[in-house]
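Engineer: What follows is a single structure, and I will ask about it in a moment.
We did not get these values from a lab; they are worked out from the coordinates using the rules stated. What you are looking at is a predicted structure, and each value in this text was computed from that prediction instead of being measured. Please note: Cβ atoms are built from the backbone with ideal geometry, for glycine as well, and neighbour counts cover all protein chains shown.
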Amino acid sequence: MALKFNSAGHCLITKQTGIELTKKLKGIKYPQKAKSYDIVEIGHNFNPEEYNTKIITFRDKNGGILQRNITKKTPNETLETKKNYIKYKDTAIFEPDSYNFLLVGGRKISSVTKKNGNFFAKTEEIQTVPKIEAAPRVTISKIESFSTGYPAVEKENQSCYEYTKGSKKGYSLKNYIKNNDAGLFKFGDFEAVFENMDDVSKDKNLPLYLYSVKEFKRIAPYIIENPKHTPPILSIKWYSKYPLTKDAGINYGFFNGQVNLNKSTLNTKEDIIQTVAHEKEHGYQRAEIQKPVEQHNEETRRYIQATKNYVKPEENYEEYRRNYKEVKAREAGTLALNEYKDSLNELRQEFPYSPDYQFGM
């Protein structure tokens, strides 16, 4: 059969849909729930033998997409992308314009791309599509990580956009995250591009909103702090220990010259934020005490006195909580959490039709 090219040099090589999965496909892993698959092959550049794209889509019994494998070939490069689709249950959210509740459906698309067999990029995208007055309002949040050629460094982009009736609003963030062999992540060069979101653009916590709790753990310790104090640069270490007392709060973390965080008990964003700010505040307090005497003020002297009177929680828990250093550290945790919640509420006002899972809750 002769291939027909369009003006851009593309052509349809083959298209087969609704093929029943009666036996395993060689060399391809696909979801157990897959019942059928489609194959589409497209040629490019008027030269389909060297420039082509092959797409295999696996579907469930209802025709919903479960997985999509995309292979793009050129003479010098092969890009292989595997996308997995997870559908969220419809979520009831409050519709501000009508004061009614609206059902919002969504899906997550996780993908990994290899270039010539080596890791190139990974993406997590969450889409929600409610209909307002019969018109779809599509909100897409996305985190993309790209290889830089160095195993320890990845470039990460974040974005959240809403499309409706031909209009678009949202933000885009770019930053480098360094991952050394110890698993530390640090923000380096940072860019932000905003559209109609001037207030939100000033928010230093913005990169945290799209992360799941698991990813939040690796990023938050390097951003969260008391909004009133900037602590010295502190190393972060995660450890694993289950609470030994009825009050798990004292087992969330501790400070001993570095910030130590318990991954076994810090399981919510709220706990992570409060604990990180709390322990970083102890780092700030230590730095204040170590200043030359001529730089001491009333606050410094109170920290020094509190250090002398410090009691371990297992010795006298109530007295430990009354210690000035602990009072100020808890205050730092509360301030950081309130700041995060306030700025998250601003973001939700910008995207009123996005459910909680859109922002990695």
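Engineer: Calculated from DSSP H runs of 4 or more alone, at -39500 (n - 2.57) each and per residue, what is the 222 nm mean residue ellipticity of the chain, nearest 500?
Structural biologist: On the way: 6 runs with 76 residues, N = 361.
Using -39500 (n - 2.57) per qualifying helix, the result is -6500 deg cm²/dmol.
Engineer: On to the next question. When the label point is put 7 Å from the Cα of residue 39 along its Cα-to-beta-carbon vector, which residues of the range 11-26 have a backbone N closer than 16 Å?
Structural biologist: Within reach of a label on residue 39, which here means backbone N under 16 Å from a point 7 Å along Cα→Cβ, the range 11-26 contributes 12-26.
Engineer: Between residue 134 and residue 233, what is 0.36 nm times their sequence separation minus the Cα-Cα distance? Round to one decimal in nm.
Structural biologist: Working it through step by step, the gained length comes to 30.4 nm.
Engineer: Still on this structure, I have one more. Given a Förster distance of 25 angstrom, what is the FRET efficiency for residue 47 paired with residue 112, based on the Cβ-Cβ distance and rounded to 0.05?
Structural biologist: Details: r = 28 Å, r/R0 = 1.12.
The value I calculate is 0.35.
Engineer: How far is helix 324-350 tilted, in degrees, relative to the longest principal axis of the Cα atoms in the chain, given as a value from 0 to 90 rounded to the nearest 10?
Structural biologist: Once rounded, the angle reads 30 degrees.
Engineer: What stretch of the chain, leaving out the sites themselves, is the longest with no GluC sites (Glu not before Pro) in a DSSP loop having at most 11 other Cβ atoms within 10 Å?
Structural biologist: Details: sites that count: 49, 77, 133, 314, 315.
Longest site-free region, per DSSP loop and neighbour criteria: 134-313.
Engineer: Pairs of Cα atoms under 8 Å, at least six residues apart: use those to get the relative contact order of the chain, whole percent. Numbers along the way, then the final one.
Structural biologist: Values: 693 pairs, mean separation 34.6, N = 361.
Relative contact order here is 10 percent.
Engineer: May I ask you to compute the full-extension gain from residue 300 to residue 60, defined as 0.36 nm times their residue separation minus their alpha-carbon distance, rounded to one decimal in nm? Show your work: numbers first, answer last.
Structural biologist: Numbers: separation 240, 0.36 × 240 = 86.40 nm, distance 6.45 nm.
Value of the extension gain: 79.9 nm.
Engineer: Also, I was wondering about something else. If R₀ is 51 angstrom, what is the calculated FRET efficiency for the pair residue 163 and residue 316, using the beta carbon separation as r and rounding to 0.05?
Structural biologist: On the way: r = 58 Å, r/R0 = 1.15.
So the FRET efficiency works out to roughly 0.30.
Engineer: Using only Cα atoms, tell me the angle between helix 269-289 and the longest principal axis of the chain; keep it within 0 to 90° and round to the nearest 10.
Structural biologist: Between helix and principal axis, roughly 40 degrees.
Engineer: Can you give me the distance in nm between label points at residue 356 and residue 125, each placed 7 Å from the Cα along the Cα-to-Cβ direction?
Structural biologist: According to this spin-label approximation, the distance is 2.6 nm.
Engineer: Now a separate question. Which whole-number value in Å³ per residue fits the convex hull of the alpha carbons of the chain? Present the calculation step by step, with values, prior to reporting the outcome.
Structural biologist: Numbers: hull volume 77.0 nm³, N = 361.
Cα-based convex hull of the chain, divided per residue, equals 213 Å³.
Engineer: OK, next. Can you compute log10 of I(q)/I(0) for the range 249-361 with the Debye formula, treating each Cα as one identical point scatterer, at q = 0.11, 0.14, 0.17 Å⁻¹?
Structural biologist: -0.46, -0.67, -0.88
Engineer: To the nearest 20 debye, what is the magnitude of the charge dipole of the chain about its Cα centre, counting +1 on the Cβ of each Lys and Arg and -1 on the Cβ of each Asp and Glu?
Structural biologist: Numbers: 58 positive and 47 negative charges, 339 e Å.
Dipole of the chain, to the nearest 20 debye: 1640 debye.
Engineer: Identify the trypsin sites (Lys or Arg not before Pro) of the range 52-110 meeting these criteria: DSSP loop state and at most 11 other C-beta atoms within 10 Å of the C-beta. Can you show the working numbers first?
Structural biologist: Values: sites: 54, 59, 61, 68, 72, 73, 82, 83, 87, 89, 107, 108; in loops: 61.
Answer by residue number: 61.
Engineer: Using alpha carbons only, how many degrees (0 to 90, rounded to 10) separate the axis of helix 298-308 from the longest principal axis of the chain?
Structural biologist: In the chain, helix 298-308 runs at an angle near 80 degrees to the longest axis.
Engineer: Say each of residue 15 and residue 345 gets a label point 7 Å from the Cα, pointing the same way as Cα to Cβ; how far apart are those two points in nm?
Structural biologist: Simple spin-label model gives 5.1 nm for this pair.
Engineer: Using a 7 Å offset from the Cα along the Cα-to-Cβ direction at both residue 146 and residue 176, what is the distance between the two label points in nm, to one decimal?
Structural biologist: 1.3 nm
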